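Visitor: Here's a structure for you.
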Amino acid sequence: SFFQLEKPEIVIVAAAKVGGILANNKYRAQFIYENLMIEANIIHAAYQNNVEKLIFLGSSCIYPKLAPQPLKEEYLLSDYLENTNEPYAIAKIAGIKMCENYYRQYDCNYYSVMPTNLFGFFDNFNLDTSHVLPALIRKFHEAKINSSERVIIWGTGTPKREFLFVDDLAEAIVFLLENVNAGDLYENGISQINIGRGEDLTIAELAEMISEVVGFKGKLGYDITKPDGTPRKLLDVSRIHKLRWKARTELKTGIAKTYEWYLKQSKS
């Protein structure tokens with residue numbers, strides 16, 4: 001009904017049921033069902049109402065758990081997924097393949113982008129459902145306020161992750177809308193294009209950086225009974241770099257901006 005009434009020309013599918021390692025593993029049925037329904041309804045409605053261009057946002061967890069690093073677009077469906085987020089990853093892969101095959105059958109200008117781990121303004125800071133970076137911001141902030149001596153981090157701290165400030169992703173999507181069409185990907189043998197910084201760090205290094213930004217003076221501990229997830233998820237962003245787009249926001253700068261925003265929300 002919305003598509004029939006509004007007749008959008010461009011659609012960016014950012015809607016999703018998302019969460020960190022705890023939520024992914026706990027709400028497995030919800031994650032696969034809700035994400036399949038979201039993408040299937042939106043992509044098909046876009047086709048029915050002659051949307052000119054659609055970009056679908058996936059997730060770096062679509063790539064196999066033990067794929068070579070950095071993760072190239074070609075590695076999609078080349079091996080087994082990481083178990084804790086397999087339902088979410090399968091749903092996202094289905095969305096990628098919907099876009100590809102609506103192009104192949106109906107010539108729809110629909111394609112997918114794979115953002116790395118995102119953070120920034122309007123993030124989810126709920127400790128049960130959030131991703132690692134906003135969760136750590138909240139943990140360190142509350143520890144600082146409560147004068148806690150220690151903050152406990154899930155897992156060993158050794159997995160490596162890449163993070164992208166949300167404003168950089170927004171710029172990348174506008175850039176791709178203006179410069180890339182579906183055939184540019186599919187006719188070159190890939191189903192999606194990666195968006196990231198091309199740099200990663202360990203969870204321990206991330207925790208230390210956030211602790212410094214927040215101003216927490218205590219110690220860090222690690223609960224090794226909790227899962228680590230995939231050992232490393234660094235995207236190969238050489239394709240988008242060749243198109244002359246690069247992320248502009250340094251990680252520590254983005255964390256500082258996000259914490260400043262979080263403080264304002266906490267006071268409001």
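The values are calculated or read from the model by the stated rules, or taken from the named source; none is laboratory data. All values reported here derive from a predicted model rather than from experimental measurement. Every residue, glycine among them, receives a Cβ derived from its backbone with ideal geometry; neighbour counts consider all protein chains shown. Heads up: the accessible areas ignore ligands, DNA and RNA and are worked out on the full protein's heavy atoms, side chains in. Shrake-Rupley method; radii C 1.70, N 1.55, O 1.52, S 1.80 Å.
Visitor: Go through (1) at pLDDT 95 or above; (2) open to solvent by 20 Å² or more (accessible area, probe 1.4 Å) and name the single condition residue 165 misses.
Guide: Failed condition: (2).
Visitor: Kindly establish whether residue 170 is loosely packed, with under 15 Cβ neighbours inside 10 Å, within 17 Å of the chain's Cα centre (by Cα) and not acidic (Asp, Glu). Let's see the steps before the verdict.
Guide: Working: loosely packed, with under 15 Cβ neighbours inside 10 Å: yes; within 17 Å of the chain's Cα centre (by Cα): yes; not acidic (Asp, Glu): yes.
Yes.
Visitor: Still on this structure: If you check 52, 6, which single one turns out to be touching a residue at least 12 places away in the same chain (Cβ under 8 Å), out of contact with any Gly (no Cβ under 9 Å at 6 or more places or on another chain), acidic (Asp, Glu) and farther than 25 Å from residue 198 by Cα?
Guide: Residue meeting the stated conditions: 52.
Rundown of residues vs (1) within 17 Å of residue 195 (Cβ to Cβ); (2) open to solvent by 20 Å² or more (accessible area, probe 1.4 Å); (3) free of Cβ contacts under 8 Å to residues at least 60 places away in the same chain, yes/no style:
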site: 72; (1), (2), (3): yes, yes, no
site: 97; (1), (2), (3): no, yes, no
site: 105; (1), (2), (3): no, yes, yes
site: 114; (1), (2), (3): yes, no, no
site: 117; (1), (2), (3): yes, yes, no
site: 131; (1), (2), (3): yes, yes, no
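Visitor: When region 183-207 is examined, which residues are found to be farther than 14 Å from residue 73 by Cβ and either crowded, with 17+ Cβ neighbours inside 10 Å or within 20 Å of the chain's Cα centre (by Cα) (or both)?
Guide: First pass over region 183-207, keeping only residues farther than 14 Å from residue 73 by Cβ: 183, 197, 199-207.
Across region 183-207, the qualifying residues are 197, 199, 200, 201, 202, 203, 204, 205, 206, 207.
Visitor: Shifting gears a bit: Would you check if there is a residue in region 31-54 being outside any helix (DSSP H, G or I), of a type in the set (A, V, I, L, M), open to solvent by less than 10 Å² (accessible area, probe 1.4 Å) and touching a Leu at 6+ places or on another chain (Cβ under 9 Å)?
Guide: So far as region 31-54 goes, no, none of its residues is outside any helix (DSSP H, G or I), of a type in the set (A, V, I, L, M), open to solvent by less than 10 Å² (accessible area, probe 1.4 Å) and touching a Leu at 6+ places or on another chain (Cβ under 9 Å).
Visitor: Has region 165-187 got at least one residue that is hydrophobic (A, V, I, L, M, F, W, C), in a strand (DSSP E or B) and within 20 Å of residue 212 (Cβ to Cβ)? Quick ask: steps written out before the conclusion?
Guide: As a first pass, look at region 165-187 and keep what is hydrophobic (A, V, I, L, M, F, W, C): 165-166, 169-170, 172-177, 180, 182, 185.
This time we only want the ones that are in a strand (DSSP E or B), so: 165.
Next, only the ones that are within 20 Å of residue 212 (Cβ to Cβ) stay: 165.
Checking region 165-187: at least one residue is hydrophobic (A, V, I, L, M, F, W, C), in a strand (DSSP E or B) and within 20 Å of residue 212 (Cβ to Cβ).
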